[in-house]
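Inspection log for the structure reproduced underneath, given as structure tokens.
All of the numbers you see were taken from the coordinates with simple rules; none came from a lab. Note that this is a predicted model, so its numbers are computed, not measured. Neighbour counts are summed over all protein chains in view; Cβ atoms, including those assigned to glycine, are modelled from backbone coordinates with ideal geometry.
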């Protein structure tokens, strides 16, 4: 730790007085780094490219005028970022700010009109493959999101082969359930729950992105899954991006499958019955 303290002091150009454990992340411990004047966040992991990918995603989001913590240093084992101080903000204000932020983010598309991203990204401890060869949204959703995560869940012993086969059948017929003519690729945060959007008097910042270009309503279905935001959010958001006619009936359960599989892979437990309820609603 002394060696790291010296290294970070050199990076910051000021003496690091303390490195204190903060919380457990998906890929490693997270620490608060204190100098005499400031506080920083230090994410750690075993040597990999995951923290570099997180750095790249944060930089990309910032390029679209979305507030994120500034990154000061990155290596295969650590990511040093600004600490975002939060302040109490009323729920209606949170929902208003979040709706405007996401409306702006979802306005971003790509010139090629393809789904995916320019490089593979991450969600939690998993890699999200983003081969940009796909103009077909439902093919991308099935082949690059749902089925790879279903196989991950099966390999971990969290779902049965029968569930994998049911999901495979669903993915083959996704084009029958979603009107792709009404969808254009939007830049998604990809993992937006209450812990990944931080509010203060200046507005909101996002952390821990899992970005890719997809149907903007993927993001909204995930928000519904955890009741992250309520009616005010959806009313304000819909002023910019009106919801699809089949959003609640079809897209919400359909688009919750991928994040549910991520949670099944990570935690199993209660998320398996929740996945079953969604599949039952879709008559899969």
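Tabulated data for the structure shown
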{"item": "Tensor-based shape of the range 110-191 (alpha-carbon gyration tensor, a/c under 1.5 rounded, otherwise prolate or oblate)", "result": "oblate"}
{"item": "Rounded FRET efficiency, nearest 0.05, which uses the C-beta distance separating residue 127 from residue 93 and R0 of 30 Å", "result": "0.25"}
{"item": "R0 of 35 Å, Cβ-Cβ distance residue 29-residue 182: FRET efficiency to nearest 0.05", "result": "0.20"}
{"item": "Residue-span extension gain [residue 284 to residue 143] - 0.36 nm each, minus C-alpha spacing", "result": "49.0 nm"}
{"item": "Gyration tensor (alpha-carbon) shape descriptor, the range 150-258, a/c threshold 1.5", "result": "oblate"}
{"item": "Residue order, fewest to most surrounding Cβ atoms within 10 angstrom, among 40, 83", "result": "83, 40"}
{"item": "Acute angle (nearest 10 degrees) that the helix 257-267 long axis makes with the longest principal axis of the chain, alpha-carbon atoms", "result": "50 degrees"}
{"item": "Ranked by how many other beta carbons lie within 10 Å on average, peptides 96-105, 235-244 from highest", "result": "96-105, 235-244"}
{"item": "Between 0 and 90°, nearest 10: helix 161-172 axis offset from the chain longest Cα axis", "result": "80 degrees"}
{"item": "Sequence ranges 217-227, 273-283, ranked by mean other-Cβ count within 10 angstrom, highest first", "result": "217-227, 273-283"}
{"item": "Rounded Å value of the spacing that divides the Cα centres of the range 125-165 and the range 219-284", "result": "17 Å"}
{"item": "Tilt relative to the chain, helix 231-240 - C-alpha long axis, 0 to 90 degrees, to 10", "result": "80 degrees"}
{"item": "Estimated FRET transfer efficiency when R0 is 30 angstrom, pair residue 3-residue 120 (beta carbons, to 0.05)", "result": "0.45"}
{"item": "GNM result for the chain, Cα springs below 10 Å: residue of 215, 191, 18 fluctuating most strongly", "result": "18"}
